[in-house]
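Scroll down for the structure; my scribbles are underneath it.
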Amino acid sequence: MIMSGKGRLMSDINVTPFVDVMLVLLIIFMVTAPMMTHGIKVDTPKTTLKKMDVEEHAVVITIDASRRVSINNDQLDVSEVRDRLPALLDINSTPEIYLKADKSLPYGVVMELIAQIKDAGIEKIGMVTEPVLAAQQGGR
């Protein structure tokens with residue numbers, strides 16, 4: 001027990017160790033948070049189109065060069081999308097999705113995936129592309 005000068009107990013809580021621990025945890029989370037993003041490497045086409053506003057929690061369906069479809073970390077085949085998409089997403093509360101396709105894929109494969117998505121009940125599909133850098137744009 002800690003006694004003050006007049007013989008009474010000191011009832012103040014020392015918060016300094018608590019603050020030190022919290023600051024260390026904050027720094028650890030700030031450093032590790034950017035490393036926790038997961039995704040699939042997709043080489044999207046480059047365009048000069050104007051950037052559009054995308055919702056923060058938008059659903060992105062990704063198809064890579066080996067034709068693996070990924071929805072919310074679930075791997076599917078293109079032919080399974082129509083049947084499994086309603087189980088993975090709430091179709092009624094998802095007005096639109098964004099499709100991120102590798103540029104090396106044949107046009108027919110991408111169109112087949114779009115048809116599967118539309119058959120599942122999604123009417124609005126946005127295509128994800130990468131912006132062309134200014135240096136590349138001038139070299140055309």
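The values are calculated or read from the model by the stated rules, or taken from the named source; none is laboratory data. Given the structure is predicted, the values throughout are model-derived calculations rather than measurements. Using ideal geometry, Cβ is built from the backbone for each residue, glycine included, and neighbour counts are taken over all protein chains shown.
Things worth noting here:
- Residue count, region 85-125 (criterion: charged (D, E, K, R), surrounded by 13 or more Cβ atoms within 10 Å (Cβ to Cβ) and in contact with a helix residue (DSSP H, G or I) (Cβ under 7 Å, 6 or more places away or on another chain)): 1
- Among the residues of region 94-121, just one is among the basic types (K, R) and in contact (Cβ under 8 Å) with a residue 60 or more places away in the chain, namely K103.
- Exclusive hit being part of a loop (DSSP other than H, G, I, E, B), in contact with a Lys or Arg (Cβ under 7 Å, 6 or more places away or on another chain) and modelled with pLDDT under 90, set V54, V60, V42: V42
- Residues of region 69-79 include at least one that is over 26 Å from E130 (Cα atoms) and in a helix (DSSP H, G or I).
- If you go through region 85-127 and pick out every residue that is at pLDDT below 85, over 23 Å from A65 (Cβ atoms) and in a helix (DSSP H, G or I), you end up with 5.
- R82 among the basic types (K, R), surrounded by 10 or more Cβ atoms within 10 Å (Cβ to Cβ) and either farther than 21 Å from I125 by Cβ or at pLDDT 85 or above (or both): yes
- Conditions (1) over 15 Å from M127 (Cβ atoms); (2) assigned to a helix (DSSP H, G or I); number of the one not met by A65: (2)
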